[in-house]
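Written out below as structure tokens is the structure these notes cover.
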Amino acid sequence: MPMPLPPIYSFPPLYTRQPNSIIRRQQISSWMDLILQYAKSHNAWCMSAEGSIVTEGSESVQESIFVNNEIERSVPQVFINEIWSTMCQEGKAIGTDKGKKESPTYYILWRTVDSWASLILQWFESAGKLQQVVTIYELSQGDESIGWEFHGMPEPLTADCLKPLCHRHRATIVNDEYGKPVAVKVV
Amino acid sequence: MICIRGTLNLEKSLEKDRPINVMECWHFAETTSSGQPILRENEKDILIDQMVGLYHNKSKILNRQKGRIFLTSQRIVYVDDLNPTKNSLSLELSGIESLQFSSRFLRRSARLILFVKKVDDSQVIGPDGKATGYYENCISTWVCPICMMSNETKGEFTESTDPCPICVNCGVAADYEMTKDSLSISLSNDYLKGSSSESFDSKSNDVNQCPACTFINHYQITNCEICGTRLPNSKIRQGTNNEIGFKDSRVHFELEHPISTSKNVNDEVTNFLQISFRKSDGVLFAQATEKALKDLKKTELGSVYNKNLVSVNGVKVKDEGLTDLPLLETKLGKIGITSLEKSGETQLLNNDIIFNNALTDLNRLMSLANDIEQLYTGISPKLLGERKEGGHKPSLILDREKFYNKSLFLDEIAREIYEFAISEFKAEKERLGYVMVTLVDLYAMYNKCMRIGTGLISPQEMREACERFEELGLKDLKLTKINGRVLCLASKNSFDFVKTKILDIVNESAGCDPLLLTQLLNRDSSNAWTFAIITEVLQNCIDHGDIVIDEQISGIHYYRNSYWPVAV
């Protein structure tokens, strides 16, 4: 059940880029909180740059978080881009197009990558999957992870979240012939 | 001037009684709070000089040693730099007999010596032919310091009056020290009537009739109440004003070396005043004063009753020019060549006369033009010299055309702007206690209201003048810069005041646009706060994070910043 958005969502100045830089920083952080909360409550891993939730397979056009019909306000695209870039900088979102500054969709990280990594490690430990090769599909979409928060995480994002484990030498990622990560072995 | 002279003894005895009689040539000069003299109607100012001191006879007048002096068409006005509203004095030009100029010599500064017309004391003669002690015949008006009742007492109320008069209201005897400020002494009316009918040549003289409009003014008035023309009947005035002892309680001054009574009598009263020029050489001022005196005398002589009257009840008053010449027959009385020739001659003669008249008029005009030219050449070299220095075209302030340099001009302008702003925003000031106006607005208003016809001032001058307020002791308004970019003339704390007000309004009605905001702010006072000011204050609020904006196609809406606290 999606949670209702906080009252600040219906505060009209939220939709205008504030000229005062100190205020604007806070305004952007308000937006980030809103987006994270929105994504989490909708269980959305991915959002388009326009602010609507992207679910795999279905291309249904949903309403954007940046448009508030109730008070007839919307955020201009320039400011939306600013919000996204700040989110990426702070590690709260990752662009799906790697290497590009602006991408059409963003993965929303309502937990940080490190936090996801330790959660995944926890799963490996509790599920007794250590020292085994587990496919990423199995990890994120498999039955065994049902009930865990990372269940349903898109595969590329899962691979990203496994990277900190690799750095700590706790995991090894197995790539397929195209260099795409397909499986992981956690020690 | 004086009608009946008394005996020499009488004169002397009076002189002894009132040694500082001559001091009465000084009058109180009304000034604005910014230190500009208030001119009378028809009065024009001619010249200003700075840093002058006043002397009476040979002794300094205390507290009148640093001020500006204004030469006007009627007076010489001294405006004190330190206390302009209280210590300012004026001197009637008509009361000056002659002047003498002594230039700067070593450490002695240049001085203009003015000889005051000696006012004969013998004018007041009692009905019995003797000079009555006029102190008994005058009425002292004083305000009781206890109950504020204004009392009238017969006789002059002085320090030595014993017993002291008793207030009719509260019954307490008045103390001279406490009442002297409110004291004014005037001759009782019935005595005046009695004396004037005897002492003046004819009945017609004792009315103060205006030569221009025939209005009969009060006898103490020097300028016609209706048209402002200077009244020539000064003997009536002097008779009442100077002799009978109307004292203006506002004039208080002390001399460095008070005149001793005995000395005064021995010296056979040389009544002169001195104006000491501390900074300038004063030559220009002296020349201008001389010229003004001359002009004044000329106009006095020239102001003939019904001057340009041509005819009274159809009878010609002036018989000169055309009428002096033999009447010319223009009708053809006879027929024939002789008559034609005759008429031709008459025609020629006629033309001659008209032509002659025209030439005379032209000559008169030329002589007037010469006068003006003389005045101009007398003053212009000095002006031109100074003008080059400042690189500044001499602008005129009202009719003030002569300034020695730009700085003086700006000082004067500053005073005028200050006065203008104060009077313009008086209503707001009274209601709200705060005034704030952008310099741009003020500039436009000031130039439109005050400078048309006298030369507009430049924005640069406006700004420089406003920066001088503090130096000149004008404290109510200050030039402030808001948001580091807009110059405003504001009274103290007005910015904070309007800011709190705006914040309150924004708080009350969230999301208001500037129009609504302006309307709400000016709800009870029309246009107290201009849009420019409001915009700047809003900008300031935004910069400080007190207000956040919601920008829409319809305009900007303002909200109180309730979500994003500003880190201190």
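The values are calculated or read from the model by the stated rules, or taken from the named source; none is laboratory data. From a predicted model like this one, the values you see are computed outputs, not experimental measurements. Because the Cβ atoms are built from the backbone with ideal geometry, glycine has one as well, and the counts that use them run over all protein chains shown. The protein model used for the area step is the full one, side chains on, heavy atoms only, and it has no ligands, DNA or RNA in it. Shrake-Rupley method; radii C 1.70, N 1.55, O 1.52, S 1.80 Å.
A compact table of results
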read-out	value
Residues within segment A:5-26 that are in contact with a Lys or Arg (Cβ under 8 Å, 6 or more places away or on another chain) and not in a loop (DSSP other than H, G, I, E, B), tallied	4
Set B:71, B:99, B:82, B:91: member being outside any strand (DSSP E or B) and on the phi < 0 side of the Ramachandran plot	B:82
Check on residue A:172, open to solvent by 30 Å² or more (accessible area, probe 1.4 Å) and either touching a helix residue (DSSP H, G or I) at 6+ places or on another chain (Cβ under 9 Å) or not in a loop (DSSP other than H, G, I, E, B) (or both)	yes
Helices (runs of 4 or more DSSP H) lying entirely in segment B:476-568 (those with 2 or more residues that are open to solvent by 10 Å² or more (accessible area, probe 1.4 Å), out of contact with any Asp or Glu (no Cβ under 7 Å at 6 or more places or on another chain) and among the acidic types (Asp, Glu))	B:494-508, B:531-543
Complete set of residues in segment A:14-57 that are touching a residue at least 12 places away in the same chain (Cβ under 8 Å), within 23 Å of residue B:540 (Cβ to Cβ) and charged (D, E, K, R)	A:17
Segment B:441-450, residues that are of a type outside the set (Ser, Thr, Tyr) and crowded, with 18+ Cβ neighbours inside 10 Å	B:442, B:450
Only one of B:542, B:534, B:556 that is of a type in the set (A, V, I, L, M) and more than 14 Å from chain A (Cβ to nearest Cβ)	B:534
Residue among A:28, A:8, A:23 that alone is under 18 Å from residue B:550 (Cα atoms) and out of contact with any helix residue (DSSP H, G or I) (no Cβ under 7 Å at 6 or more places or on another chain)	A:23
Residue A:144 vs. criteria over 28 Å from residue A:65 (Cβ atoms) and part of a helix (DSSP H, G or I)	yes
Positions within segment A:63-76 being surrounded by fewer than 17 Cβ atoms within 10 Å (Cβ to Cβ), in contact (Cβ under 8 Å) with a residue 12 or more places away in the chain and not small (Gly, Ala, Ser), in sequence order	A:67, A:70, A:71, A:76
Top-ranked residue of segment A:17-35 - restricted to ones that are surrounded by 21 or more Cβ atoms within 10 Å (Cβ to Cβ) and at the interface with chain B (Cβ under 7 Å from one of its Cβ atoms), ranked as nearest to residue B:558 (Cα to Cα)	A:18
Yes/no for residue B:550 being farther than 30 Å from residue B:50 by Cβ, within 14 Å of chain A (Cβ to nearest Cβ) and touching a helix residue (DSSP H, G or I) at 6+ places or on another chain (Cβ under 9 Å)	yes
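Quick grid of which residues meet (1) within 28 Å of residue A:15 (Cβ to Cβ); (2) away from chain A (no Cβ under 11 Å):
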residue	(1), (2)
B:484	no, yes
B:501	yes, yes
B:511	yes, no
B:519	yes, yes
